[in-house]
Each structure stands twice: as structure tokens, then as C-alpha cells.
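A.B. asks: I'd like to ask some things about the structure below.
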Amino acid sequence: MTILKAFLRHPTGMIGLFFLLCVVLLAVSAPWLFPDDPWDMVGAPFQPPLTEGLWLGSDMLGRDVAAGIAHGARISLIIGVISTLTSLTIGVTVGATAGYFGGKVDEIMMRLTELFQTIPGFVLAILLVATLGPKISNVIFAIGIVSWPPLARLTRAEFMRLRGREFVQAAVCQGQRAMTVVLRRILPNAISPIIVTGSLAVASAILIESALSFMGLGDPNLMSWGFMIGAARTVIRQAWWMSVFPGLAILLTVLAINLVGEGLNDVMNPRISRRR
Amino acid sequence: MNLTSRCKKKDDRQALLRLVIVSVNEEEIMNRREFAKLMGVSAAALSGIPLGLTRAAGATKGGTLNTIIQPEPPILVTALNQQQPTLTLGGKIYESLLRYSPDLKPMPGLAQSWEVSPDGLTYTFKLFPNITFHDGKPLTSEDVVFSMTKMLVETHARARAIYSRIAKSETPDRLTVVFTLKAPFAPFLTALDCTTGPIVPKHIYDGSDYRKNPANAQAIGSGPFKLKEWVKGSHVHLVRHDGYYRKDEPYLDEVIYRIIPDAASRSLALEQGKIQLTQWNDIEFYDVARLSKLPNYEVTTKGYEYFAPHQWLELNNRVKPMDDKRFRQAIAHALDLKSMAARVYFGMPKIATGPVSSKTKFYEPDVKRYGYSVEKAKALLDDMGLKPGPDGKRVTLKYLIPPYGEVYQRAGEFIRQSLGRAGIDIQLETTDVGGWADQFSNWDYEMTGNLVYQYGRLFEEAASTIDEAKRQEFYSKVQKILVEDVPVIWMFEAAYPTFIDKRLKNVTSTGVGIHESFSSVYFG
């Protein structure tokens, strides 16, 4: 509760939250705002913004750019959230196991993490999607696979810090099972930095998805912002609005998530929040 | 599997497909295509590139032609690979017995004259004297016989279908070739162009493994230009073949094919005057209208007469429900081709009525016309028992987007929306060039886009009849049957914008157009 109150007093965090809520609202209301399929060719091709019925203009096939952005918000947010949950699951599991058990287990887990950290993330994502095929499930999987190592290292560090604390040792001495100690004693105390990093990971997941779609590796059946920019790139000189508006949408969303993440960081970090 | 063999396989498969399903759309002689220039801009300022020209009698000698090759070909030997970029580039390096006028009448190529016996069995060709290969060795009748009856029938699927009809070949002297066919075959004389019958040096290839011959890298032919340098990923540099057999030709000193994979960069190169010629899909359709306004280029759709490219939606008839004629007819009704031509291809192509191009000789206009009607499509689907599910979808099919450029993706998106209105749900799939060729040649697809060039080839019965009226009758009958049956959905008679620098002359002077040797091309 105190955290929430602190967050409400955090100016940039609130600005971020406001924009983020706008994007979420847009995504949720897309089927009502734009009941037609965003792929439908509703107007003449290459109509500039503010043409009748087309607020943000139309693309080269006469599809409504505004409808694309609204429906694309759903895809971007879904991919951002689910792929972050995927990387959280992997990262926290690996980090918690390594940090709690230490020794040989830690060695193995960390060498594995380093293996992933040495491969450039985006290149690996391209490779995975190109190999597995451009489907939304594969895109989410690829993003999850490339973004868990920082989470794992963070979780491990937190667990190692808390592992030696008295309350944890007390719990172990009482004979509580490892699982209980990890989930009920350590994790709640380690969760703050994980939440902050996770929220920032949503933003980077949206960016990775956009970059993949831009390169033609997105799911060709889903209208996403990256796809819109990728398709618009070659006609940018005829139709700037086709790339500018989805670009703004990505910019705003990623910025909003980053602001929220930083806000959370500030209010959840005891050292910073106490100063307020 | 490397790219070359993959492509070969695809080519074989396409040839097979053409033989099995498509062979009726073959016709060897096509009427003059009544193409109007897309636009006629008045002559205006030309971009000032120093060309280093010297005036000679008739045509100007010298100069460098910069153009585009897209995508980069895997090899330049047209006898071994028949992908479009290979043919475009290889046409300058390898020549064949004949060339063809825009109305597809044979013209002298390597052969200066020819005779056909009255029974249509014996063809006698007289070669020009003094033809040399790029390595300086003379080209003789032996090379012609070796190329056409030994090498090409092994390496070139389309050539095999035609030249394997040669029963006997003789070389009475160094400049005379006599081919005797197994049976009369009317299209023979129109299948001797540089993409079908490139003449290769016997002294290099005879007895070797053609595909592994180290000379493939140098690509030694007898064409007006020889390979100087090929910097992978950058450009292919061709220079004048000084020993060329035609007086004064070639006029150009150099031809440089630049490899520019990005569509926007290609358009930019054209705008900046860095290139003087584009072909096929080099300029994407959406850019044509804008770039047509450039004052120093002429835009034409001529020069594709020999190929008369047809575009269609390929349905794998081995997969249910596409084995049902009613389903295929429903698709033919559900596709809004008029709107597709306007939106995806910006009005460039003409809607095809059937397998035969309206620009070719044995075209039959009196076939079933489907026309756009979602209602008719739904009625046919209802009739089949394909009722809409709770989500409105009757059936879900996969469409494999050919990986040859953005316009194919837009076409896929259009087809998905169009068929979706009739309850046919399309899931788009993307893949790379090799993957597409593999899936396509292994029948591992449901629907995909396809583009097939209608070269002069065979439909046995009609081809072996010399009576023109009988041939028309036969071709008309087959067209009617095929259009009723719609094994594939014929969509468009494709047209491609060729941007030509106004100083550049004779580019589309023959029906083979941009695949032609360019020996008579010059800067005026």
C-alpha cells in the first residue's frame, strides 16, 4: 500500500502509467473502435491522414492505418507480456536454483547463462524465428529465450544475498522444504528488483517483436506495429504516415513502460524511496 | 543442397507441371503485343553522366551501361540455370541460333539463314562465318550440335522437352547444321532463342561434368559481352567481346549489373541517374507512377513478348478440398481480380481469362468467365457441403507467400481478404527462396502464387499438326475444358515496367527484350 502511495506521488512514473493505460485501453477497445478486420481494404490506397473516415490515412492496399495501430496494440502488448512471463519463468527458475543451492549447481547454471549471454540476443532471436517459422508462438518463444539471462543473474544475486540471512536459516533449521523456503521466504524479499527488470523487459520484448516483424519475420497473419513499419519502409517517400504513426505508437508504448519501470524502481528501492 | 541444384529441381518440377497441367497454354508464335507506352514524357534534361561516346556510322560506339540485377544469380551459365536473373545476364554472354522480332518472327542470330523442309522434319541452319568464343576459339557447327543435342538436353529442362525431338544431327561443314526431327514439330523454329538454346563451347564442356566444370565461373560464350569481373554482392562487370562476328557490334564498351537487394535503393539509383535501365521487378509497382514522371526515362512494357508471363494462384489439387472442381470454381468467383490488379499491381496487368495469353496466337476468348461474385462462391461451397462454422469460416487453408519481393506478400494479403469474404480462411506462411522451391517442388503446400513464362512449347497433338485451322480448333477446345476445370486460378497477364534512359536505343527491339544480347544497344 505504501508502495502504491509512493508511486502515485512519482511524477514521471505516473506519466508513463497514463500513456500505458491509454495504450491498454486502445488495445482493449480496438474491436469496438474498428470493428472491421484491420487487413480489410476499406479505402483508396495511399490516402493521407485526415482523409474522410481514415484518421491516419491508408496504406498501399487501402487499409486503414488507424485500425492497424489499434489492433496492432493488442498484438504488441500480448507479445510483450507473454514473452516477458516466459523469460521471467526461465530466468527466475534458473537464478533461484543457482542462488539457493550454490556450488556445483550454481556453476552449471551460470555457465549455461553465460552461454546465452555471449550470443547476441537479437541475432539469436532472428535465427530461432527463421528456423522455427514465423508464427506468434515461435516469436514469443524466441523473445523469451533471448531475454532471460539478465533476469537469471539478478535473481541469483538476490538469492545469494538472502540465502545467509537469519530468517532463511531459521526456516531451513525448522526443516522447511527447499521449495517452501525459496517460494515463501526468499522470493517475496527478492521480488522488487525482479519486477522492475521484468517491466523493462516488456518494453524490450515489444521492440524485439517490432524489429522481427520489420525484417519480415513476424507472423504474416497478425497486424503488428513492426509489420506496418516494415511494409511502409519502401514507400516512405510516398506515404510517410504509414511508418510514422506505428513508429510513434512503439515509441510511446516503450517509453511509457520504461517510465513505469523506473517509477517502480524508485519506489521499491528502499534506499531511494526512504529519501522521499 | 546448394542453391543451384535446388533451382534446377524447381525448374524440372515446373517443366513437369507445364507438361502435365499447363501444356495447353503453350504457343510458339505470339501476336504483336499492343502495348502502349505507359506514358510519353517530352524529351527533357538528361542527367549528365560522362559516357565517353564516339560517333560511328549509324550508331554511337562506346559507353557504359549501368543496370540492376535482382536477385543476384547463383551462376551465369544459362545452360545450367534458368532463373530469371541468370537469363537476363547470361543473355549477354551466350547466344543462340535465332533471335525473334517483337511479333515473334525468327531473325538471324548465330545462324544467318535457315531452311525448313516441306514435310517439317528437316531444319538446315547456316552460321555466320568468323564467330568466336570469348576464349578466342572459333564457334562451329560442332558446338551447335553438342550444345543442343548433348548438353542442353541434360541440363536444361525446357530445352530437353524440345531438343530431345531431334532424331539426327549432321554437320556437313563448319558452318552448316542439319537437324532432322523424329516427327513434325511446328514450334521448333521458335524455340531457338538465347534462353532456351544457348550455344556453349564444346571444347570446354565435352566429356566433363557440366555442372562442376571449373570454366563455369568464367562463363565462356560467344555473345557480344564477356565476363570481366563478378564481385559477389556488389556487381557483375561485362566488357565488349572484341572478336564479335557482327560488324561494329556491340556498340557498348561495358555493361555493369549492380546488385541492389533493397527496393527503395533501386528506385533511388534510378532517380539519381546511376543506372540507365531496369527490368522485371526491379522497380516495385507502387513506385512506377511516381518514377514515370522522371523526364529522362522512357517507361515501356515491351520486350517481354517472347515470354508473355502469366500469373496465377497455384492450388495443390492433391489436397482436399481443392481436388473438388466446385471449390476451385468458388475461389475463381471469390477473387476480386479487378481490385487486385488496381491495388496490388497498380493497374499494370491485364486480367487473364484462361491459360493462354490474349496476346498470343491461339487465344480463345469464348471461355467460361467467372467474374467476381461472393454469392456464387458461397453457393458453390454450400453445394459442396462446406458450411460456415460458428466463426464464419468454412475451411482453413495455407498460402505460401513466394519470397520474391514485397508485391508477392501484398498479393497474399489481398487473396486472404478476398477469399475470407466467402468463408475461406487463409493462413499466410512465409519462407525463404530455397524453402519455397523445396516445398513447391515436393507438393508440400496448399496454395501459392506462381508466375510462369509461356515459352514456345508443345502441346503434342496441336504442335505436330501443321494445319493452322486445326490447331486453333484444338487449342480452343482445350482452353474451354481447362477454364471450366480451373486446376489453378489464372489471374493476370503480367506486365513489367522497363525504365530505359532516353539516350539508350534498341533495348526492346526484339521479343526477348531485356534477356537479349544487347549487341545492337547503343547510347544515341
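A.B. asks: In region B:237-263, what residues are within 14 Å of chain A (Cβ to nearest Cβ) and surrounded by fewer than 15 Cβ atoms within 10 Å (Cβ to Cβ)? Break it down into steps so the answer makes sense when it comes.
C.D. replies: Keep residues of region B:237-263 that are within 14 Å of chain A (Cβ to nearest Cβ), which gives B:260-263.
B:Pro261, B:Asp262, listed by residue number.
A.B. asks: Restricting to region B:45-85, and then to whatever is surrounded by 23 or more Cβ atoms within 10 Å (Cβ to Cβ) and polar (S, T, N, Q), can you tell me which residue is modelled with the highest pLDDT?
C.D. replies: B:Thr67
A.B. asks: What are the residues in region B:417-433 that are surrounded by fewer than 21 Cβ atoms within 10 Å (Cβ to Cβ) and either more than 9 Å from chain A (Cβ to nearest Cβ) or modelled with pLDDT of 90 or more (or both), if any? Before you say what the answer is, go through the steps one by one.
C.D. replies: Initial filter on region B:417-433 (surrounded by fewer than 21 Cβ atoms within 10 Å (Cβ to Cβ)): B:417, B:420-421, B:425, B:427-428, B:431-433.
Hits for region B:417-433 are B:Gln417, B:Gly420, B:Arg421, B:Asp425, B:Gln427, B:Leu428, B:Val433.
A.B. asks: Please tell me if A:Gly95 is of a type in the set (Gly, Ala, Ser), buried (at least 22 other Cβ atoms within 10 Å of the Cβ) and more than 22 Å from A:Pro188 (Cα to Cα).
C.D. replies: Numbers: of a type in the set (Gly, Ala, Ser): yes; buried (at least 22 other Cβ atoms within 10 Å of the Cβ): yes; more than 22 Å from A:Pro188 (Cα to Cα): no.
Answer is no for this residue.
A.B. asks: Just need a number here: residues in region B:280-312 that are over 16 Å from B:Pro349 (Cβ atoms), in a loop (DSSP other than H, G, I, E, B) and away from chain A (no Cβ under 14 Å).
C.D. replies: Going through region B:280-312 one residue at a time, the tally reaches 3.
A.B. asks: Could you tell me how many of the residues in region A:52-84 are touching a helix residue (DSSP H, G or I) at 6+ places or on another chain (Cβ under 7 Å) and either small (Gly, Ala, Ser) or part of a loop (DSSP other than H, G, I, E, B) (or both)?
C.D. replies: 15
A.B. asks: Cβ-Cβ distance below 6 Å, separation of 6 or more or different chains: which pairs start in region B:348-373 with a residue that is within 22 Å of B:Ala411 (Cα to Cα) and end on one that is assigned to a loop (DSSP other than H, G, I, E, B)?
C.D. replies: Note: pairs meeting the criteria are B:Met348/B:Ala495; B:Pro349/B:Ala494; B:Pro349/B:Ala495; B:Thr353/B:Val367; B:Gly354/B:Val367; B:Val356/B:Tyr363; B:Ser357/B:Ala308; B:Tyr372/B:Asp336.
A.B. asks: May I pose another question? Among the residues of region B:270-279, how many are in a loop (DSSP other than H, G, I, E, B) and either under 24 Å from the mean Cα position of the chain (by Cα) or within 22 Å of B:Glu72 (Cβ to Cβ) (or both)?
C.D. replies: First, the residues of region B:270-279 that are in a loop (DSSP other than H, G, I, E, B): B:272-276, B:278-279.
The next check asks that each one be either under 24 Å from the mean Cα position of the chain (by Cα) or within 22 Å of B:Glu72 (Cβ to Cβ) (or both); those that pass are B:272, B:274-276, B:278-279.
Matching residues across region B:270-279 total 6.
A.B. asks: Whether any residue in region B:65-88 is assigned by TED's automatic domain parsing to the domain that holds B:Tyr297, in a strand (DSSP E or B) and more than 19 Å from the chain's Cα centre (by Cα) is what I want to check.
C.D. replies: Yes, some residue in region B:65-88 is assigned by TED's automatic domain parsing to the domain that holds B:Tyr297, in a strand (DSSP E or B) and more than 19 Å from the chain's Cα centre (by Cα).
A.B. asks: Failed condition for B:Val374, given (1) farther than 25 Å from B:Phe285 by Cβ; (2) of a type outside the set (Phe, Trp, Tyr); (3) more than 14 Å from every other protein chain (Cβ to nearest Cβ), with all others met?
C.D. replies: Every listed condition holds for B:Val374 apart from (3).
A.B. asks: Looking at (1) within 14 Å of chain B (Cβ to nearest Cβ); (2) without any contact (Cβ under 8 Å) to a residue 24 or more places away in the chain; (3) surrounded by fewer than 17 Cβ atoms within 10 Å (Cβ to Cβ), can you tell me which one A:Met215 breaks?
C.D. replies: (2)
A.B. asks: Of these, A:Ala190, A:Ala170, A:Ala203, A:Ala232, which one is in contact with a Phe, Trp or Tyr (Cβ under 7 Å, 6 or more places away or on another chain) and not acidic (Asp, Glu)? Talk me through it step by step, then tell me what you get.
C.D. replies: Details: A:Ala170 fails: in contact with a Phe, Trp or Tyr (Cβ under 7 Å, 6 or more places away or on another chain); A:Ala203 fails: in contact with a Phe, Trp or Tyr (Cβ under 7 Å, 6 or more places away or on another chain); A:Ala232 fails: in contact with a Phe, Trp or Tyr (Cβ under 7 Å, 6 or more places away or on another chain).
Of the residues listed, the single one that is in contact with a Phe, Trp or Tyr (Cβ under 7 Å, 6 or more places away or on another chain) and not acidic (Asp, Glu) is A:Ala190.
A.B. asks: Scan region A:229-251 and report the pairs whose first residue is away from chain B (no Cβ under 14 Å) and crowded, with 17+ Cβ neighbours inside 10 Å and whose second residue is at pLDDT below 95 and part of a loop (DSSP other than H, G, I, E, B), with Cβ atoms within less than 7 Å and a gap of 6+ or a chain change.
C.D. replies: Qualifying pairs under 7 Å: A:Trp241/A:Pro48; A:Trp241/A:Pro49; A:Trp241/A:Leu56; A:Trp241/A:Gly57; A:Phe245/A:Leu56.
A.B. asks: While we're looking at this one, here's another question. State which residue is nearest to the chain's Cα centre (by Cα) when the search covers only region A:29-50 and only residues that are surrounded by 14 or more Cβ atoms within 10 Å (Cβ to Cβ) and more than 14 Å from chain B (Cβ to nearest Cβ).
C.D. replies: Our first condition is that a residue be surrounded by 14 or more Cβ atoms within 10 Å (Cβ to Cβ); within region A:29-50, this holds for A:30, A:34, A:37-43, A:45-47, A:49.
Among the residues that remain, those that are also more than 14 Å from chain B (Cβ to nearest Cβ) are: A:30, A:34, A:49.
Details: A:Ala30: 20, A:Phe34: 25, A:Pro49: 30 Å.
Top of the filtered list is A:Ala30.
A.B. asks: With the checklist (1) in contact with a strand residue (DSSP E or B) (Cβ under 9 Å, 6 or more places away or on another chain); (2) closer than 23 Å to A:Val105 by Cβ in hand, flag the one item A:Pro134 doesn't pass.
C.D. replies: (2)
The values are calculated or read from the model by the stated rules, or taken from the named source; none is laboratory data. All of these numbers come straight from a predicted model, not from anything done at the bench. Note that we place each Cβ from the backbone using ideal geometry, even for glycine, and neighbour counts take in every protein chain shown.
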